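The structure under discussion appears below in the form of structure tokens.
Each reported figure results from applying straightforward, stated rules to the coordinates on display, with no laboratory input. These numbers come from a predicted model, not from an experiment. With ideal geometry, Cβ positions are generated from the backbone for all residues, glycine too; neighbour counts draw on all protein chains shown.
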Amino acid sequence: MPQLDPAVFIPQIFWLFVIFAALYFFIAYSAAPKIADVLKKRQNVISDDLAIAERVQAQAEQARIVFEKSQSDARDAAAAKVLSKREELKAQVEADYQKLSAELSANAQNAQKEIDAAKDKALGEVRDVASDVCAQIITKVSGLNIDQKQVSKMVAGKTSSILKGNS
Amino acid sequence: MAGPLAQFEVHTIVPLQVAGYDISFTNSALYMGVTLITIMFFMIGGMRKVALVPGRWQSSVEMCYEFIAKMLGDTTGSEGRKYFPFIFSLFMFILAANLIGMVPWLHTFTFTSHIAVTFAMAFFVFMGVTIIGFITHGFKFLMFFVPHGAPWYLLIILIPIEIISYLSRPISLSVRLFANMVAGHTMLKVFGGFVVSLGALAGVMAAGSILPFAFIVALTGLELLVACLQAYVFAILTCLYLNDALHMH
């Protein structure tokens, strides 16, 4: 085996030492720091981006909460407005109804009064006519000169009892 | 035709002698240089235009980095972080060396198939880890060899076993990588030799070379896996030894 020839030991070990030292210094002072730097920069960018994303997400969440709150506030306000308007209208309708019904009942009472007055008047006239007719009939039939006042008194008593029985 | 072990031969390219020691620039050293340049090309190329969203090349470089960073973090915690460049260099060096050694046709040289190289790396790791252990814990690091909760009469047996197992770490670490690479490359070469010698036969017999050729294809896939796996094993064992030195038990 050529590997076991002691003559090849020293030159190989010498050059191994020289070249490996060169490689070590190249890696330790040039390559490795450069790679580490790139990796660190990338890590920073990623974590920065993640932080920004987190912040923006929090803002969006905040905006969503504000929006939802304003939406529900508006809904509540609208409902309250509708309710108060309804109450108002109800009260107004009620008031109008009261007023109108009072007016109507007043009118009805007046009309009743007028009717009553007209009725009384008509009854009075009927009484007069009846007593006239009675007097005429008595005069014609009996030939007696009867006192007008007495006849009308009698008729009035009779009619009022008839009217009482009728009504 | 060259034998299956000829691929492991070291040839001097530029002879050099310093203070009586032979430090000739060999094909082994050449491929160490090729490995270094490949890693530098891979890393500089991947990071030449760094993008927030990485492209394929940059992504590959970052994947290697994060793979080793995660492995080191998982095994040693935050104390091991300052040894990251070393572990990363070690992993990339072995990985690139193993993969370059898998390139066919070019007679590439796999220096991780040399016990001198793997043992030098393993011994360096072993010494480094031991020194870190003594620096971190002082002489209390010797308590590492005393298992917790064992009765005193067992310690007479257990302490030597612990010491031997600790001292054998550089051997197991280096031999594992070395043996895997040698075995794989030798197998490829042997079956490659079968393809050639069967193909040289007359007529229909030459078709028989299909079989070892198909085997080589499958074996190449396996060897690519082994190349990556052994780099990973070397790196993770280094991390585990480092963890022992930093945290003892």
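Here are a few things to note about the model shown:
- Count Lys and Arg as plus one, Asp and Glu as minus one, and take only other residues whose Cβ is under 13 Å from that of B:R56; the net charge is then 0.
- Principal-axis analysis of the Cα atoms of chain B puts helix B:169-199 at an angle of about 10° to the longest axis.
- If the chain linking B:L52 and B:K70 were pulled fully straight, counting 0.36 nm for each residue of separation and taking away their Cα-Cα distance, it would gain 4.4 nm.
- The Cβ shell under 14 Å around A:Y29 holds other residues with a net charge of +1, Lys and Arg each +1, Asp and Glu each -1.
- Separation in nanometres of the label points that stand 7 Å from Cα toward Cβ, at A:V133 and A:A7: 18.0
- Local charge for A:K121 was computed over the other residues whose Cβ lies under 12 Å away, with Lys and Arg +1 and Asp and Glu -1, and equals -3.
- Helix B:210-247 and the long axis of chain B differ in direction by around 10°, with both axes built from C-alpha atoms.
- Separation in nanometres of the label points that stand 7 Å from Cα toward Cβ, at A:Q148 and B:L5: 18.3
- Overall Cα dimensions of the protein assembly as shown - principal axes, largest extent first, Å: 198, 73, 47
- q = 0.12, 0.15 Å⁻¹: log10 I(q)/I(0) that the Debye formula gives for chain A, counting C-alpha atoms only: -0.93, -1.05
- Size-normalised alpha-carbon gyration radius of the range A:83-167, reference 2.2 N^0.38 Å: 2.14
- Taking other C-beta atoms within 10 Å as the exposure proxy, B:E79, A:E125 rank A:E125, B:E79 from fewest upward.
- For the pair A:K41 and A:Q98 in one chain, pulling the backbone fully straight at 0.36 nm per residue adds 12.1 nm over the alpha carbon distance.
- For B:H107 and B:S168, the FRET efficiency from 1/(1 + (r/R0)^6), where r spans their Cβ atoms and R0 equals 30 Å, is about 0.30.
- C-alpha long axis of helix B:27-46 to longest principal axis of chain B, angle in °: 80
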